[in-house]
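Below is one structure; the comments refer to it alone.
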Amino acid sequence: MQATASAAASAASAPETSDPSGRPAIAMRNVVKTFGEFAAVKGLDLDIRRGEFFSLLGPSGSGKTTVLRMVAGFELPTSGRIELAGRDVTRRAPFERNVNTVFQDYALFPHLSVAQNVEYGLKLRKTPRAERRRLVNEALEMIRLPHVADRLPSQLSGGQRQRVALARALVLRPQVLLLDEPLGALDKQLREQMQVELKQIQRTVGITFVFVTHDQEEALTLSDRVAVFNEGVVEQVGTPEDLYERPGTRFVASFLGSTNLVEGDLARQLTGSTGLLSIRPERIQVRNLNDSSPDADHVSSLEAVIEEIVYTGPATRYVARTDGGQTLIVQEQNDSRASGAGRGDRVRLQWPSRFNYTV
Amino acid sequence: MRFSSSAIFSLRLFAGLIMAAIYLPLILVVLNSFNASTSGTFPITDFTTRWWSAAFHNEGVREALWTSLRVAALATTIALVLGTMIAFALSRYEFFGKNTVNLLVVLPIALPGIVTGVALNNTFKTVLEPIGIGLGLFSVIVGHATFCIVMVFNNVQARLGRINRGLEEAAMDMGANVVKTFFTVTFPGFRSAFVAGGVLAFALSFDEIVVTTFTAPPGTETLPIWIFNNMARPNQAPVVNVIAALLILASMVPVYLSQRMTGDHKK
């Protein structure tokens, strides 16, 4: 493991970490992209810092992949400006930018061996042969696949191809590595394993990673910061904790994890204002009506009837309905404090009032 | 699916009969090329290699073969360049009249050769000859190119449709400019279709007779035309058999090659 880490460090060590200008790795200013009538990206302003693991999160069609493709140079913005480390690259061709991409379908060259694939960019840069060989070997060490060097991509498994695509991009030590849903084609177990690996590699090489995904869990797990996209605009930018605990918009609250959105009378009852509230299901506790009433100053509390119970392994989800007809989802850990409430039971739902987030 | 043993027997018999219908006449040609009798009587009583050496030394055959090779090579070259370019234009770009162009490109292969021949003959005689381009090797090459282009176009276009465009983006992403991308990624992607199309075009041109008849000036003979003209002559008939036998052998090579090329032994 140690050998792997050091190999990774030299295979793709970070580019100049001390940027005198202190400029962001990527700066996008009022970037607009339209395809005919359709506005894919509507006036985007975004700064991505050096060395950051930054995710573009959103449902399909939200514009996140278009943004990535504009940074890579595959799409030309309709208007606006894109800078890489302070240099305007808006109209530069892909081969004139120091960014590399890990494609969703990996895009490994089928007629070249794994080693030749990884070597491809180095050859174009006219890196001397011996140096090339060393870098390729180190990159394959980094992804722990030195033994597949002579195979063709068609002879690799999905996870192996994914890692080769990563090695092929990282061997060039780009300023920024763009990853377009790179784990999308992998099964759940492999995906989780690759998430850990990806995070380790990013930390070791220190390159800025821009990661496109529609999987909110993946974005929260991996990222230093996340931009949430919806219909061509960024709804919110922040750390995973910011986004999850303090969602700025209704869309962010409902797209990241599940949440209970409450407004109107019930909201006034809970906070004194009718504005939209987000209450996370795992914050709510299920209590017997006979239990001692909580201190009303710090605890929000409601009576409700359990309508549905879904057992999910480590947790149980309850669907409860208040007297006012509002449905609330509650997620309870299946531990010693589990309430054991049954369907049709009338219960009290309570949670610390600080978890009432005004959106 | 499983067959009864009697069904298997009848299917095999049927397949065998069809194969025999196709290949026995070819074998007969090869055998006859060694038949000492000029009238090609059967069964063969005397074997000889006389006709083979006669064919080898026949000036007409040599000249015709050389003409055929030149025409086929040039028509194929034209077809490779133009066919590939049209395939790219039609599979990569959107433009007005795209479907019409597609139809116009493929049409020559469906058009009866005699129509192509008459049309080209008229064009050369009435329009081009007055400005100095009469019937000659050039007109034969142009005539052949019309259908050779279709061979290359069909093969390359089918392949381009299946190529992953993301590969080209990946190449550019890693620093390859447009030209480098084409030669290191795009061309290897459709190379086998390109070669297969070229081989087919060459083969088609090599045995073409109808268009050639109308576009060749008097005295210019391709090999098929020479064969056609000499088959009926009793003292040349055995030589024709030799040429046919040679052509059978020669055509096995490209068929074998194109099967290997287009087979998906490499993904």
Item to complete: Output the qualifying pairs, or none if there are none: Cβ atoms under 9 angstrom, residues six or more apart or on different chains, first residue in the stretch B:241-264 and modelled with pLDDT under 75, second residue surrounded by fewer than 17 Cβ atoms within 10 Å (Cβ to Cβ).
Response: B:MET261/B:ARG191
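Take the stretch B:220-248 and flag every residue that is surrounded by fewer than 16 Cβ atoms within 10 Å (Cβ to Cβ), among the aliphatic types (A, V, I, L, M) and part of a helix (DSSP H, G or I). Reasoning before the result, please.
Step one: of the stretch B:220-248, the residues surrounded by fewer than 16 Cβ atoms within 10 Å (Cβ to Cβ) are B:228-229, B:231-235, B:248.
Going one step further and asking which of them are among the aliphatic types (A, V, I, L, M), we end up with B:231-232, B:248.
Within the stretch B:220-248, B:ILE248 is the sole residue that qualifies.
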Item to complete: Select from the stretch A:85-113 the residues that are in contact (Cβ under 8 Å) with a residue 40 or more places away in the chain and away from every other protein chain (no Cβ under 14 Å) and write down the one among them that is surrounded by the most Cβ atoms within 10 Å (Cβ to Cβ).
Response: A:ALA85
Practice prompt. Please tell me if A:VAL262 is outside the structural domain of A:THR221 (by TED's automatic domain parsing) and either within 23 Å of A:ALA219 (Cα to Cα) or more than 32 Å from the chain's Cα centre (by Cα) (or both).
Written response: no
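On the given criteria, is A:VAL330 without any contact (Cβ under 8 Å) to a residue 60 or more places away in the chain, surrounded by fewer than 19 Cβ atoms within 10 Å (Cβ to Cβ), closer than 17 Å to A:ARG343 by Cα and of a type in the set (A, V, I, L, M, F, W, C)?
Here the answer is no, as A:VAL330 does not meet what is asked.
Within the stretch B:252-267, is there a residue that is within 14 Å of chain A (Cβ to nearest Cβ), hydrophobic (A, V, I, L, M, F, W, C) and touching a helix residue (DSSP H, G or I) at 6+ places or on another chain (Cβ under 9 Å)?
Start the filter on the stretch B:252-267 by keeping residues that are within 14 Å of chain A (Cβ to nearest Cβ), which leaves B:261, B:264-267.
From the residues that got through so far, the ones that are hydrophobic (A, V, I, L, M, F, W, C) too are B:261.
Next, only the ones that are touching a helix residue (DSSP H, G or I) at 6+ places or on another chain (Cβ under 9 Å) stay: B:261.
Yes, the stretch B:252-267 contains a residue that is within 14 Å of chain A (Cβ to nearest Cβ), hydrophobic (A, V, I, L, M, F, W, C) and touching a helix residue (DSSP H, G or I) at 6+ places or on another chain (Cβ under 9 Å).
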Worksheet item: Within the group B:SER68, B:SER53, which residue is modelled with pLDDT of 90 or more, of a type in the set (S, T, N, Q) and not in a loop (DSSP other than H, G, I, E, B)?
Response: B:SER68
Fill in: Hits in the stretch A:137-193 - residues which are among the aliphatic types (A, V, I, L, M) and part of a loop (DSSP other than H, G, I, E, B)
A:ILE143, A:LEU145, A:ALA149, A:LEU152, A:LEU156, A:VAL171, A:LEU172, A:LEU183, A:ALA185, A:LEU186
Discussion item. Being in contact with a Leu (Cβ under 8 Å, 6 or more places away or on another chain) and of a type outside the set (A, V, I, L, M) is the filter here; which residues of the stretch B:189-222 pass it?
Written reply: B:GLY189, B:PHE190, B:PHE194, B:GLY197, B:GLY198, B:PHE206, B:ASP207, B:PHE214, B:THR215, B:PRO217, B:THR220
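Does the stretch A:136-145 include one or more residues that are touching a Leu at 6+ places or on another chain (Cβ under 8 Å), surrounded by fewer than 22 Cβ atoms within 10 Å (Cβ to Cβ) and at pLDDT below 95? Steps first, answer last, please.
Residues of the stretch A:136-145 touching a Leu at 6+ places or on another chain (Cβ under 8 Å): A:136, A:139, A:142-143.
Then keep just the ones that are surrounded by fewer than 22 Cβ atoms within 10 Å (Cβ to Cβ); that gives none.
No.
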Item to complete: Tell me which of these B:LEU135 doesn't satisfy, since it passes every other one: (1) in a helix (DSSP H, G or I); (2) touching a Phe, Trp or Tyr at 6+ places or on another chain (Cβ under 8 Å); (3) of a type in the set (A, V, I, L, M, F, W, C); (4) surrounded by 16 or more Cβ atoms within 10 Å (Cβ to Cβ).
Response: (1)
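Only one of A:PHE109, A:PHE95 is of a type in the set (Phe, Trp, Tyr), in a helix (DSSP H, G or I) and assigned by TED's automatic domain parsing to the domain that holds A:HIS214; which? Break it down stepwise before answering.
On the way: A:PHE109 fails: in a helix (DSSP H, G or I).
Unique residue meeting the criteria: A:PHE95.
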Worksheet entry | First in the stretch A:205-231 and crowded, with 18+ Cβ neighbours inside 10 Å and part of a helix (DSSP H, G or I), second anywhere and of a type in the set (Gly, Ala, Ser) and modelled with pLDDT under 95, Cβ under 6 Å, 6 or more apart | A:VAL205/A:ALA12; A:VAL205/A:ALA14
Worksheet item: Among the residues of the stretch A:52-79 satisfying the criterion of being surrounded by fewer than 17 Cβ atoms within 10 Å (Cβ to Cβ) and touching a strand residue (DSSP E or B) at 6+ places or on another chain (Cβ under 6 Å), which is nearest to the other protein chains (Cβ to nearest Cβ)?
Response: A:THR78
Worksheet, complete the sentence: Restricting attention to the stretch A:260-281, the residues that are of a type in the set (Val, Ile, Thr), at pLDDT 90 or above and either over 30 Å from A:GLY58 (Cα atoms) or in a loop (DSSP other than H, G, I, E, B) (or both) number exactly 0
Worksheet item: Only one of these conditions is not met by A:ASN288: (1) touching a Lys or Arg at 6+ places or on another chain (Cβ under 8 Å); (2) farther than 23 Å from A:ALA341 by Cα; (3) surrounded by fewer than 20 Cβ atoms within 10 Å (Cβ to Cβ). Which number is it?
Response: (2)
Worksheet, complete the sentence: All conditions in (1) crowded, with 17+ Cβ neighbours inside 10 Å; (2) more than 9 Å from chain B (Cβ to nearest Cβ) are true of A:ALA169 except (2)
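A quick yes/no check of all residues on (1) of a type in the set (S, T, N, Q); (2) crowded, with 19+ Cβ neighbours inside 10 Å; (3) more than 27 Å from B:PRO217 (Cβ to Cβ); (4) over 15 Å from the mean Cα position of the chain (by Cα):
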{"site": "B:ILE114", "(1), (2), (3), (4)": "no, no, no, yes"}
{"site": "B:ASN121", "(1), (2), (3), (4)": "yes, no, no, yes"}
{"site": "B:SER139", "(1), (2), (3), (4)": "yes, yes, no, yes"}
{"site": "B:THR146", "(1), (2), (3), (4)": "yes, yes, no, no"}
{"site": "B:ALA158", "(1), (2), (3), (4)": "no, no, yes, yes"}
{"site": "B:GLY161", "(1), (2), (3), (4)": "no, no, yes, yes"}
{"site": "B:ALA171", "(1), (2), (3), (4)": "no, yes, yes, yes"}
Item to complete: Restrict the check to the stretch B:202-213 and report whether at least one residue is within 14 Å of chain A (Cβ to nearest Cβ), surrounded by fewer than 24 Cβ atoms within 10 Å (Cβ to Cβ) and not β-branched (Val, Ile, Thr).
Response: no
Worksheet item: Which ones in the stretch A:114-160 are touching a Lys or Arg at 6+ places or on another chain (Cβ under 9 Å), away from chain B (no Cβ under 14 Å) and polar (S, T, N, Q)?
Response: A:GLN160
Item to complete: Go through the stretch B:142-197 and count every residue that is more than 14 Å from chain A (Cβ to nearest Cβ), small (Gly, Ala, Ser) and under 21 Å from B:TYR93 (Cβ atoms).
Response: 3
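The values are calculated or read from the model by the stated rules, or taken from the named source; none is laboratory data. These numbers were taken from a predicted model, which means no experiment stands behind them. Quick reminder, even Gly has a Cβ in these numbers, built from the backbone with ideal geometry, and neighbours come from all protein chains shown.
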